[in-house]
Amino acid sequence: MTWELPEPDTEYALAVQLVAQPARTQLDILEALMGEPKTFSEIAPLLKGRNNNVLTKALRALRNKGLIQTGLRDDLKTKTYRLTSLGKLVILRSHEMIPHQESIEAYRRGVGASA
């Protein structure tokens, strides 16, 4: 696997998009893929009872953004999903952003409670 650097700040823009999603399904999928490739059925429990179509669409969107890629297990029959180098950078950037976003939300709740 080779590391290709994205255009400057690409990973920040993608991380903002993922962190801003209310359900954060795509971000959860990326985090589940840390470490090793996984199959659709290994990722599916993240849906917590939602339709498999949600996972299919999320995987397609992540692949179209260049954050994951597909491959095959050693048996050459089982399809897997794994992070690209950009996907790894986006996870890193999102982990930088989430505490900041939560702090802003807490501040706004505090201001609202004080009013």
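Each reported figure results from applying straightforward, stated rules to the coordinates on display, with no laboratory input. Bear in mind the structure is a predicted one, so any value in this text is a computation, not a measurement. Because the Cβ atoms are built from the backbone with ideal geometry, glycine has one as well, and the counts that use them run over all protein chains shown.
Just a few scattered comments:
- Which numbered condition residue 58 fails, given (1) among the hydrophobic types (A, V, I, L, M, F, W, C); (2) surrounded by fewer than 16 Cβ atoms within 10 Å (Cβ to Cβ); (3) on the phi < 0 side of the Ramachandran plot: (2)
- If you go through the range 99-115 and pick out every residue that is of a type in the set (Ser, Thr, Tyr) and in contact (Cβ under 8 Å) with a residue 24 or more places away in the chain, you end up with 0.
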